[in-house]
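Read through the structure below, which is laid out as structure tokens, and then see the notes.
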Amino acid sequence: MTTFKIFRFVNPYKNANTYVVQIDEHDVLIIDLGNYPTTEFVNWLKHHNKNIVGLILTHEHADHCYGVDALKDYYDFNLYCSEACAINMRDPKQNYSRYIEEFETFAVKSKAIIVKDNDMLNFSGFQLRVMETPGHSPGSICLFFENGVFTGDTILNNVKTPLSFPHSNKLDYKKSKKIIMENLQSHTTIYPGHDASFLDNSFIK
Ligand SMILES: [Zn+2]
């Protein structure tokens, strides 16, 4: 039986989620970091003597990747994301920090390991399957694991996914959503990029 635990930290901008998967006593995997790592967040990691085994970005938008470079000041870890995310996060016009007043204009500089559709990732025994799900943004991915899925902004809690960014693609989104729906099991908990996790598919708009 697996014993991992998932903690949710809410970032101030748009209440974007950072998930910390506690894989075992010391190893944690992080999904998205949309804020400069706060003292609370770093203290939590330090206090629990955590080792970051990886950080995966669900997509390139500023509210999901703003804190990545800053966390490198505290920890050495590998960054993972899709190819399009790796390109767009380095462009303030494509990560949208240029247009969002709450952020300084920034480009993520950290090197990324590119993940592709159907890749299986293994972090100290915690396995995730990558699904490329473009639509909301070109670099969006979902990450399926044992009984859950991290969906970034591709599936949200009771809210329609915004497809109004210049780089959004409605046709791609339709295809991505269809594949996600086909892969959801009755016991799959959805961990969206904003708001609380949920199990009931009727919350998918
Ligand atoms: Zn987004």
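A few comments on the model shown:
- Of all the listed residues (Asp117, Asp63, Asp69, Asp91), the sole one being in contact with a Gly (Cβ under 7 Å, 6 or more places away or on another chain) and of a type outside the set (Phe, Trp, Tyr) is Asp63.
- In this structure, Ile87 does not satisfy being away from the ligand (no atom under 16 Å from the Cβ), hydrophobic (A, V, I, L, M, F, W, C), touching a residue at least 40 places away in the same chain (Cβ under 8 Å) and surrounded by fewer than 24 Cβ atoms within 10 Å (Cβ to Cβ).
- Residue within the range 184-195 that is among the aliphatic types (A, V, I, L, M), within 23 Å of Asn51 (Cα to Cα) and more than 14 Å from the ligand (Cβ to nearest atom) present: no
- Residues (of a type outside the set (S, T, N, Q), within 15 Å of the ligand (Cβ to nearest atom) and buried (at least 20 other Cβ atoms within 10 Å of the Cβ)) located in the range 144-165: Phe150, Gly152, Asp153, Ile155, Leu156
Here is a yes/no grid of residues against (1) on the phi < 0 side of the Ramachandran plot; (2) of a type in the set (Asp, Glu); (3) surrounded by fewer than 19 Cβ atoms within 10 Å (Cβ to Cβ); (4) within 14 Å of the chain's Cα centre (by Cα):
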position	(1), (2), (3), (4)
Tyr80	yes, no, no, yes
Lys93	yes, no, yes, no
Glu101	yes, yes, yes, no
Asn118	no, no, yes, no
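- Residue, farthest from Gly152 (Cα to Cα), within the range 76-96, restricted to residues that are of a type in the set (Asp, Glu) and in a loop (DSSP other than H, G, I, E, B): Asp76
- The single condition among (1) surrounded by 23 or more Cβ atoms within 10 Å (Cβ to Cβ); (2) within 22 Å of Arg129 (Cα to Cα) that Tyr66 does not satisfy is (2).
- The set of residues in the range 123-138 being within 16 Å of the ligand (Cβ to nearest atom) and not polar (S, T, N, Q) consists of Glu132, Pro134, Gly135, His136, Pro138.
- So Tyr13, is it touching a residue at least 40 places away in the same chain (Cβ under 8 Å) and out of contact with any strand residue (DSSP E or B) (no Cβ under 7 Å at 6 or more places or on another chain): yes
Each reported figure results from applying straightforward, stated rules to the coordinates on display, with no laboratory input. This structure is a prediction, so every number in the text was calculated from the model and none was measured. Ideal geometry is used to build each Cβ from the backbone, glycine not excepted, and the neighbour counts take in all protein chains shown.
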